[in-house]
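Every read-out reported here was derived from the displayed coordinates using simple, explicitly stated rules and does not represent laboratory data. Quick caveat, the model's predicted, so the values are computed rather than measured. Note that we place each Cβ from the backbone using ideal geometry, even for glycine, and neighbour counts take in every protein chain shown.
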Amino acid sequence: MRPSSLGLRLKTAILSADDGLLMRGAFFGLLAAAGAFLFVDLREMRLATAALPGHDPMTTDAPVLPPALTDGVPQAPPVEPGSSPEVLRQPMRFDLQPGGVLKAEGSIDLGAADRFAEEIAARGEYVKAVTLNSPGGSVEDALKMSKLIREKGLNTRVATKALCASSCPLVFAGGVTREAEEDAILGVHQVFNAGEMRPSAEQAMSAAQSTTARIARHLDDMGIGDGLWINALETPPDRLYYLTPKELVEYKLVTAPAATAKQAD
């Protein structure tokens, strides 16, 4: 079969073109291909970042409160949070309330621990307890806040319909006395290291193991039972394992008199 007239014309044009024209054509072709690959990479990075539970919750349309994972089946949270997603997504802010209660509300953003330390230093010994309402965020800041709470001998509390999820229970664990009121929402899941946008598999595994070890050691130092962290490790980052009142007592996440523990059974 003889080539078509179009094929012959293309062949003749290519052979008659000078080297400079061919090089420019090749260059622009490679540039277009590179642009296409860059667009795909950026899109994948943006989608991957939006899917990560520890990234800035103020810049995503993802729900603040993911569905629970109980026996592998997503379920709804025990109750609806009393605060709107807009309130929970804001950077953590602190409000001193009557009775020496410091309310910590919002996302645990990078730098939240420093602001918390400044607030505690400014209030002196007036602060007696910290009440939490947060979807979580920075693990590093949560650990720092938790250690300072224990160092200062403060109590922690999650009020009715308040949320304490993801890294927030780490802060809660720092309280000398820890109280979760009726219908308080506490949930845990796996954590990740967001220090690098696209770490290698080895780096991601090393960071995850290091973070896991630090959290496990901290919870042990705070007197929290092993079962809490096991449930967190078994729950994917886009899910929450909601803790029942019985589990809160069983894992020693709340300190409660015997009567309360008996009622949780």
Across Lys152/Lys246; Lys161/Lys252; Lys103/Lys161; Lys103/Lys246, pairs whose alpha-carbon gap is larger than 22 Å: Lys152/Lys246; Lys103/Lys246
Phe116, Phe172 arranged by Cβ crowding within 10 Å, fewest neighbours leading: Phe116, Phe172
